[in-house]
Every structure is written in structure tokens, then in C-alpha cells.
Amino acid sequence: MKIALCPGSFDPPTDGHINIIDRGLRIFDKIIVAVAINRSKKAVFEPEERVAMLRELLKDKKEIEIDSFEGLLVDYCRKKKISTILRGIRTVSDYEYELQMSLANRILNPDIETIFMMTEGRYSHISSSIIKEVIAFGGSGNGMIHSLVEKKLKEKLRKK
Ligand code: ADP
């Protein structure tokens with residue numbers, strides 16, 4: 001069985017993330033979507049809230065498992081016995097960041113391979129940080145985030 005790990009902050013999950021995960025299922029039999037817990041990074045949603053949103057968005061796909069992890073990605077891969085990481089790429093700046101990360105991960109554990117999928121054109125401008133700005137300024141998340149995520153994000157930003 002071919003299994004991949006799709007790690008990320010998912011703060012919040014966007015249609016771009018879901019697209020990469022959906023397309024990843026054409027290649028992999030199972031994908032573990034893992035929310036990275038980084039206490040030093042300021043996030044809008046708690047890790048548990050991000051996990052809950054991903055579970056709801058992907059509830060119809062039995063080949064998907066949602067989890068979270070803290071610490072080094074390579075340690076989590078070892079724990080889960082996974083040797084393939086799936087990441088999405090949008091822009092040249094993504095490429096530079098992803099190159100560094102995948103090389104660092106290979107030094108930490110040479111058995112791990114990172115597979116990259118190019119974003120679909122209509123998602124190339126979507127990032128969790130842009131979405132947060134759009135919603136904070138009263139814009140619509142239509143075509144960028146699921147209505148459930150938009151509702152939760154509006155509630156969060158109202159409280160802040
Ligand atoms: P991180 O903070 O680890 O970069 P993100 O949640 O921002 O986590 O992204 C997780 C993964 O999803 C990354 O590989 C990122 O490049 C990819 N990704 C994010 N947005 C999109 C998008 N719109 N299209 C394709 N891939 C995306």
C-alpha cells in the first residue's frame with residue numbers, strides 16, 4: 001500500500017490544500033494529513049480546531065486519516081512508518097522554501113522522499129494568510145475556502 005504524509009499548518013485549510021490531497025489520492029492509496037503544531041508560530045486556529053475542520057472537509061474519503069504532530073517531521077514519519085511526504089507548490093518562493101525543507105529532511109533521514117505536486121492554476125494565488133486577510137476585511141471566501149471554514153474564520157476574527 002502506497003502511503004503519503006501531507007503535513008502543513010492548515011491555518012485554516014483552503015480549497016488549494018484539499019485539491020492537492022484529492023489529487024494525491026490518484027497516486028497514493030492512503031494519505032495522512034498531519035497538522036503541524038508549532039507553538040512559536042502565531043496561529044488563528046488551535047491545532048484541534050484545524051484537525052476538526054479537516055476531518056469535516058474530508059469526511060467522505062475513507063483513504064484519508066487526519067492527525068497532528070509536534071516536533072520534527074522526520075520523527076513523526078518514523079513513528080508512523082511513512083517514507084513519502086506530499087507537498088504542494090504554487091510559486092517560485094514556495095519552491096525555494098520547499099527545496100530547503102526537503103533537503104534538510106533528507107539529511108535528517110535519507111530514506112524519506114518528498115513528492116511535489118503543482119497547484120492547479122485557479123488555486124495558485126490561495127494561501128491561508130491571504131484568506132485570513134480577505135475575510136478580515138469583509139471579503140468572500142467563495143472559490144478559496146469551504147463555507148464551513150469561512151463561517152469558523154469569521155467567528156474567530158470577530159472575537160479577536
Ligand atoms: P506550511 O506552513 O507547512 O507551509 P501550509 O498549510 O501553508 O503549511 O501548506 C501545506 C502544504 O500545502 C504546502 O505544501 C503548501 O505548499 C501547500 N499549499 C498551500 N496552499 C496551496 C495551494 N493553494 N495550492 C497548492 N498547494 C498549496
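The values are calculated or read from the model by the stated rules, or taken from the named source; none is laboratory data. Note that this is a predicted model, so its numbers are computed, not measured. Here Cβ is always computed from backbone atoms with ideal geometry, including for glycine, and neighbour counts include all displayed protein chains. Side chains are part of the model used for accessible areas, which takes the heavy atoms of the whole protein and leaves out ligands, DNA and RNA. Shrake-Rupley method; radii C 1.70, N 1.55, O 1.52, S 1.80 Å.
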Could you state the angle between the C-alpha long axis of helix 15-24 and the longest principal axis of the C-alpha atoms of the chain, as a value from 0 to 90 degrees rounded to the nearest 10? 30 degrees
Let's see if you can work this out: charge +1 on each Lys and Arg Cβ, -1 on each Asp and Glu Cβ, no other charges. What is the dipole magnitude of the range 3-124 about its Cα centre, in debye to the nearest 20? 160 debye
Of HIS17, HIS146, ordered by accessible area with the largest first and a 1.4 Å probe, the sequence is HIS146, HIS17
Rounded, prolate or oblate for the range 3-124? Axes are the square roots of the Cα gyration tensor eigenvalues, ordered a ≥ b ≥ c, and the cut-off for rounded is a/c under 1.5. rounded
Taking only DSSP H segments of four or more residues, each worth -39500 (n - 2.57), what value at 222 nm results for the chain once the sum is divided by all its residues, to the nearest 500 deg cm²/dmol? -13000 deg cm²/dmol
Those trypsin sites (Lys or Arg not before Pro) in the range 7-55 that DSSP places in a loop and that have at most 11 other beta carbons within 10 Å: ARG26, ARG39, LYS41, LYS42
Once both labels are modelled 7 Å past Cα along the beta-carbon direction, what's the SER83-ALA136 spacing in nm? 4.3 nm
In straight Cα distance, which lysines are under 17 Å from LYS79, not counting same-chain residues fewer than 8 positions off? LYS2, LYS30
Considering only protein heavy atoms and a 1.4 Å probe, what is the carbon-and-sulfur percentage of the accessible area of the chain? 53 percent
Could you work out the relative contact order of the chain, using alpha carbon pairs under 8 angstrom and six or more residues apart, expressed as a whole percent? 29 percent
Taking a probe of 1.4 Å and leaving out DNA, RNA and ligands, the range 105-145 shows per residue an accessible area in Å² of 61 Å²
In degrees, nearest 10, the alpha-carbon axis of helix 92-108 is tilted away from the dominant principal axis of the alpha carbons of the chain by 40 degrees
